[in-house]
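Single-structure report; data block below.
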Amino acid sequence: MSYNKRLDGRKFDEVRKMHAKVGIIKRADGSAMFQIGDTIALAAVYGPRELHPKFLQNPERGVLRCNYDMASFSVTERKKPGPTRRSTEISLVTEKALASVIDLDLFPNTVIDVFIVITQANAGTRCAGISAAAMALAHAGIPMKDMVAAISVGKVGDKIVIDLDKEEEDFEEGATDIPVAMTARGKEVTLLQLDGDVTKDEVMEAIKVAKKGCDEIHKIQTKALKEIYKNE
Amino acid sequence: MTGLILNEREIVIPGDKIASGMDYLPGNGAFREEEDIYSLQLGLVSLNGRFVKVIPLTGKYFPKEGDIVIGRVSDVGFGMWMIDIGCAYSAILNMRETPEFIDKGADLSHYYDFNDVIIAEVTKVVRYKDVSLTMKGQGLRKINGGKIIDITPSKVPRVIGKQGSMINMIKEGTGCNIVVGQNGKVWIKGDKVEDEVKATEVILKIEHESHTQGLTDTIKKMLEGN
């Protein structure tokens, strides 16, 4: 079961074409779009604002609340709208991937709401969502110690590849998918999930590859954030 | 390598390294990690002696003592009003801080009711959290008529200009009565709707091009244009 050439002709460590834009939602405090290949994620940030119901408030620090959702038209087979077991899990891991860089101590009793919508899906949606959300948070002026970028790596056949698309994910008996989120400066891993069979060495290799991918994403994020002030 | 890595007025995003070494100190919007100073926000680098600051370009309003703000009554309580001034927390206006004398036990909604819009001054801020307002002072009152537009709070100084030069120019050019709250809310009232529309256009243009040079001339031309 060898995988010598990628289905779409990319190199094994080549990321799909990326595009990012900041400030796409006017009424939100911060917003961003992140596209990687055919996967498009939109993120909107509201807050810090008062949190209701009151029992959810934390008088020591603010609360980060993420909501990940796939639009019903984002996949080939219509997705039933509304939260699912999967989207609840992704909302939670996104929250944990971003919470460590945000200075929540400054806003006790408040909430920062992050809404992520996938408008077009072709694998790697949670990673695109995190990359978009990090930009939206920065655009909302929320104090952050670092930026976060995320990318999926995986094992297809016997090769470690970066940024799998849907076709690769379904390759033969299915690929091993490892979404990784990292901070830009410290290269601290803030998200690491794994679905499939790999050896220890392969995981280490995968994280090394992800580091390179996250660097590329961070460059795109920086450019998009600075671009909004460089018009005219 | 020690010293400043980025120059003044350069745009930074969270996590950008601004300076290295102990010669500089982190101010607002920046923090130190080991030897280096990094940005905490999306903004412009600013130097004040040895202090490295980041002036935010976006974000919510953070109340400061002495700010004139425009707010909306969101709740009427016992002896005070809650005012929504567009920051993370509601501000409190005590009944003793109004220009009118109010009897104990009077119906407070008789003076300021839900959704009334007021101009007030921030008197006390504790950790951004407890914000107190007063309405005793010149020009502080309930406002009627006109329209309110929202701009980014960090761009308010540009709309006002040096000693109010920009805002006075707009007032003269359009004949409108304009009050700019530090929280990014701008109240515009003119005799004619066209005047208000004109003033709105001009203010939104300033907000959009606040970081460019020669803005005053552009606005002057725009006001004289028609």
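If r is the Cβ-Cβ distance from A:Leu7 to A:Thr88 and R0 is 35 Å, what FRET efficiency results, to the nearest 0.05? It comes to 0.65.
Within the listed set A:Leu56, A:Leu42, A:Leu194, the Gaussian network model of chain A (springs between alpha-carbon atoms below 10 Å) gives the highest mean-square fluctuation for A:Leu56. Add -39500 (n - 2.57) for each DSSP H run of 4 or more in chain A, then divide by its residues: what number comes out at 222 nm, to the nearest 500 deg cm²/dmol? Mean residue ellipticity at 222 nm (helix-derived): -9000 deg cm²/dmol. Within the same chain, lysines fewer than 8 places from B:Lys136 are excluded, and of the rest, those with a Cα less than 16 Å from its Cα are B:Lys124. Taking chain B as a Gaussian network of alpha-carbon nodes connected by springs under 10 Å, the highest mean-square fluctuation of the residues B:Lys124, B:Lys17, B:Lys60 belongs to B:Lys17. So which GluC sites (Glu not before Pro) in the range B:22-99 end up in coil per DSSP with only 14 or fewer other C-beta atoms within 10 Å? For GluC sites (Glu not before Pro) across the range B:22-99 that sit outside H, G, I, E and B with at most 14 neighbouring Cβ atoms in 10 Å, the list reads B:Glu34, B:Glu35, B:Glu65. Taking amide H atoms as placed 1.01 Å from N in the peptide plane, the amide H of B:Phe51 lies under 5 Å from those of B:Leu25, each 5 or more residues away in sequence or on another chain.
Look at the alpha carbon pairs under 8 Å that are at least 6 residues apart: their mean separation over the length of chain A gives a relative contact order of 23 percent. Rounded to the nearest 20 debye, the dipole size of the range B:8-145 about its Cα centre is 220 debye, using +1 on the Cβ of Lys and Arg and -1 on the Cβ of Asp and Glu. For chain A, which span is the longest to avoid every loop-located (per DSSP) member of trypsin sites (Lys or Arg not before Pro) having at most 15 other Cβ atoms inside 10 Å? So the longest stretch without any such site is A:79-186. Karplus-based coupling profile of the range A:182-190, in residue order and whole Hz: 9, 6, 6, 8, x, 6, 8, 7, 10, with θ = phi - 60° in 6.51 cos²θ - 1.76 cosθ + 1.60 and x standing for Gly or Pro. In sequence order, the range A:156-173 has phi-based couplings of 10, x, 10, 10, 8, 10, 9, 6, 5, 9, 4, 4, 5, 4, 9, 4, 6, 7 Hz under the Karplus curve 6.51 cos²θ - 1.76 cosθ + 1.60, θ = phi - 60°, and Gly or Pro positions carry x. Amide H to amide H distances under 5 Å link A:Lys159 with A:Tyr3, where only residues 5 or more positions off or on other chains count and H is placed in the peptide plane. Loop sites by DSSP among the chymotrypsin sites (Phe, Trp or Tyr not before Pro) of chain B, restricted to those with at most 12 other Cβ atoms within 10 angstrom, leave B:115-226 as the longest stretch without any of them.
Near the amide H of B:Ile37, within less than 5 Å, lie the amide hydrogens of B:Ile18, B:Ala19, B:Ser20, B:Gly21, all on another chain or at least 5 residues away, with H placed in the peptide plane. For the range A:54-92, GluC sites (Glu not before Pro) are listed when DSSP marks them as loop and at most 14 other Cβ atoms sit within 10 Å of their Cβ; the list is A:Glu60, A:Glu77. Using the alpha-carbon positions of chain A, Rg (one decimal) and Dmax (whole number) come out as 17.6, 56 Å. Sequentially through the range A:89-95, phi angles give Karplus couplings (6.51, -1.76, 1.60; θ = phi - 60°) of 5, 5, 4, 5, 5, 5, 4 Hz, Gly and Pro residues having no value and appearing as x.
Taking a point 7 Å from the Cα of A:Thr119 along the Cα-to-Cβ direction, the residues of the range A:12-27 with backbone N closer than 19 Å to it are A:17-27. Within the shell defined by Cβ-Cβ distances under 14 Å, the residues around B:Pro157 carry a net charge of +2, with Lys and Arg each +1 and Asp and Glu each -1. For chain A, the longest principal axis of the C-alpha atoms and the axis of helix A:200-227 are separated by about 50°.
Against the main long axis of the alpha-carbon atoms of chain B, helix B:215-225 sits at an angle near 40°. Result for chain B in a Gaussian network model with C-alpha springs under 10 Å: among B:Leu47, B:Leu133, B:Leu108, the largest mean-square fluctuation is at B:Leu47. Computed from the C-beta positions of B:Asp130 and A:Glu167 and an R0 of 51 Å, the FRET efficiency is 0.35 to the nearest 0.05. Rounded to the nearest 10 degrees, the angle from helix B:165-174 to the longest Cα principal axis of chain B is 40 degrees. For the protein assembly as shown, the spherically averaged projection of the C-alpha convex hull amounts to 26.9 nm².
Every read-out reported here was derived from the displayed coordinates using simple, explicitly stated rules and does not represent laboratory data. Because the structure is predicted, anything quoted here is derived from the model rather than measured. Glycine gets a Cβ as well: all are built from the backbone with ideal geometry, and neighbour counts include every protein chain shown.
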